[in-house]
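Rule-based calculations on the coordinates, nothing more; no lab input. Since we're looking at a predicted model, the values are computed, not measured. Cβ placement follows ideal geometry from the backbone for every residue including glycine, while neighbour counts extend to all protein chains displayed.
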Amino acid sequence: MTRVSKVLALLVLLVFVLACSFVTQPIKDVQNIAGTAESLATSLPIETLQALPSAIPVETLQALPSSIPELENFNYFNPQGEPVPVWKDIPVMPEATVGQEYENSTYSFKVDATPQEIREYYDSQLTDLGWKSVFNLPIESEGGLLSYSKGDNFLTVTIAKTDNLYVVVLTLV
């Protein structure tokens, strides 16, 4: 199995696992919270519940929100900043309104274009740069997934609808 095939299989598996966890995790969280609330309500005497607010120091309650990691740093679907024309030798659509690089292997931008226009742009531009289309999920009104390879490099172009614009996430492996 070639390296590109292995990376492609891993990427498809990763996308599937992430999609499943995004759907099931909120349901599990709600079930856990409901179960905890139910067990607390039935096992603790009312006097203990009434004493809880005064037993927890205010400083602890104020510190709790700051101990949660900031997910805004990984919000690929809400880029901030001025878009660049080219990222790591990959063209960024000229219609991009905002763009942002995440870590060293991901760049996302918002664009006022249809998913089909985005696909046509990247098919044309990347083919001219020597990239070959490897695998594509169907492009629909909500978005899609394109993947390309060039030598040892692998690029995914994820298209997702947000509000009135589309977000394009470029991931280079």
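Consider a paramagnetic label point 7 Å from the Cα of E140 along Cα→Cβ; state which residues of the stretch 107-131 have an amide N under 15 Å from it.
Residues 115-116 qualify, since their backbone N sits under 15 Å from the label point.
What is the fewest-to-most order of R119, R3 by other Cβ atoms lying within 10 Å of their Cβ?
R3, R119
May I ask for the Rg/Rh ratio of the stretch 66-173, computed from Cα atoms with Rh as the Kirkwood radius, given to two decimals? Provide the component values of the computation, followed by the final result.
Working: Rg = 13.7 Å, Rh = 14.1 Å.
Reported Rg/Rh (Cα atoms, Kirkwood Rh): 0.97.
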